[in-house]
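Working notes, structure below.
What follows draws every value from the coordinates through simple rules; no lab data is involved. Values in this document were obtained by computation on a predicted structure and should not be read as measured data. So basically every Cβ, Gly included, is an ideal-geometry build from the backbone, and we count neighbours across all protein chains shown.
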Amino acid sequence: MNIGDLEDKHHIPRTNPKLLVREAGRDGRIYYRRQARPNSVLIELIGDKNSQNGDYRTLKRKHRRG
């Protein structure tokens, strides 16, 4: 991500602003959103495969699409 590689795996439905998910290693997950500046992101949460369901619930509560 530091070198501008921002290919996401998918986005989390019903979030505003749209949150994206990127894999980190075999089981890691980085949840982030893009910023206004090119290649700039704000990391919202870092989790893993085991915490993914809870991570989605937390992020959807925090970023409900209005």
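Counting only residues at least eight positions apart within a chain, or on another chain, the lysines with an alpha carbon under 18 Å from that of Lys49 are Lys9, Lys60. Start at zero, step by 10 Å, and the Cα-Cα distances of the chain spread as 21, 57, 22, 1 percent across the bins. Neighbours of Gly54, meaning other residues whose beta-carbon lies under 12 angstrom from its beta-carbon, give a summed charge of +3 when Lys and Arg score +1 and Asp and Glu score -1. In this structure the amide hydrogen of Asp8, modeled in the peptide plane, comes within under 5 Å of no amide hydrogen from residues 5 or more places off or on another chain.
The modelled label-to-label distance for the pair Ala24/Arg64, using points 7 Å beyond Cα in the direction of Cβ, is 2.8 nm.
Remark on Arg29: its backbone amide H falls under 5 Å from those of Ala24, Gly47, Asp48, a criterion applied only to residues 5 or more positions apart or on other chains, H modelled at 1.01 Å from N.
Across the stretch 11-28, computed HN-Hα scalar couplings (Karplus, 6.51 cos²θ - 1.76 cosθ + 1.60, θ = phi - 60°) run 10, 8, x, 6, 10, 9, x, 4, 9, 10, 10, 10, 6, 10, x, 6, 10, x Hz from first to last residue, x flagging Gly and Pro. Spacing of the modelled spin labels on Asp8 and Asp48, each 7 Å from Cα toward Cβ, amounts to 2.4 nm. The HN-Hα couplings worked out from phi for the stretch 55-62 by the Karplus form 6.51 cos²θ - 1.76 cosθ + 1.60 (θ = phi - 60°) are 4, 4, 4, 4, 5, 5, 4, 6 Hz, whole numbers, x standing for Gly and Pro.
Give a residue-ordered list of calculated ³J(HN,Hα) values for the stretch 38-51 (Karplus: 6.51 cos²θ - 1.76 cosθ + 1.60, θ = phi - 60°; whole Hz; x for Gly, Pro). Calculated HN-Hα couplings, in order: x, 6, 10, 10, 10, 6, 8, 6, 10, x, 9, 4, 5, 9 Hz.
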